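Student: Below is one structure. I have some questions about it.
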Amino acid sequence: GMEPSVYQSGEYASSHGRMVKRGSKYLRHILFLAAENVAHWEPSFAAYLAKKRSEGKHYTVAISHVAKKLLRTIYAMEEKHQAYQL
């Protein structure tokens, strides 16, 4: 449940969708807290947050992007059976 919702009506497709509320709200909350901490302590995630903020994204939207990047990173580490490297 970390993807944006899709709104379509005929030929119109909105590019401003709210986050889907599927899945565990508690897990989503924990991911947001983890993303805030990772963005504070890890330079690559901090740079990604700064990039999203410079694109004009609201803070919570930018943190949701960081959370998605964190999930992709964790998944890749699990797939390759590797520890995180700076």
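The values are calculated or read from the model by the stated rules, or taken from the named source; none is laboratory data. In this text, all values refer to a predicted model and were calculated from it rather than measured experimentally. As a convention, Cβ positions derive from the backbone with ideal geometry for all residues, glycine included, and neighbour counts pool all protein chains shown. Heavy atoms of the whole protein, side chains included, go into the accessibility calculation; ligands, DNA and RNA do not. Shrake-Rupley method; radii C 1.70, N 1.55, O 1.52, S 1.80 Å.
Student: Among SER9, LEU33, ALA47, which residue has its Cα positioned farthest towards the positive end of the charge dipole of the chain, with +1 placed on the Cβ of Lys and Arg, -1 on the Cβ of Asp and Glu, and the dipole taken about the Cα centre?
Tutor: Checked the options; the winner is SER9.
Student: Which of the chymotrypsin sites (Phe, Trp or Tyr not before Pro) across region 33-84 are loop residues per DSSP, with 12 or fewer other Cβ within 10 Å?
Tutor: Sparse-neighbourhood loop chymotrypsin sites (Phe, Trp or Tyr not before Pro): TYR84.
Student: Could you give the longest part of the chain that holds none of the trypsin sites (Lys or Arg not before Pro) found in DSSP loops with at most 16 neighbouring Cβ atoms within 10 Å?
Tutor: Between exposed loop sites, the widest span is 23-56.
Student: Okay, moving on. Hey, got the dipole for the chain? About the Cα centre, +1 on K and R Cβ, -1 on D and E Cβ, debye to the nearest 20?
Tutor: Taking the Cα centre of the chain as origin, the dipole is about 180 debye.
Student: For a 23 Å ceiling on Cα separation, which of these pairs sit above it: LYS25/LYS68; LYS25/LYS80; LYS21/LYS51; LYS21/LYS68; LYS51/LYS80?
Tutor: Beyond 23 Å: LYS25/LYS80; LYS21/LYS51; LYS51/LYS80.
Student: Show log10 I(q)/I(0) for the chain at q = 0.17, 0.21, 0.25 Å⁻¹, two decimals, from a solvent-free Debye sum over equal Cα scatterers.
Tutor: These q points yield log10 I(q)/I(0) values of -0.79, -1.06, -1.27.
Student: Would you check the accessible area of LEU49, probe 1.4 Å, heavy atoms only, in square angstrom rounded to 10?
Tutor: Counting only protein heavy atoms, the figure is 30 Å².
Student: I've got another one for you. Of the GluC sites (Glu not before Pro) in region 23-81, which ones lie in a loop per DSSP and count no more than 11 other C-beta atoms within 10 Å? It would help to have the intermediate numbers written out before the result.
Tutor: Working: sites: GLU36, GLU55, GLU78, GLU79; in loops: GLU55.
Passing both the DSSP loop test and the Cβ count: GLU55.
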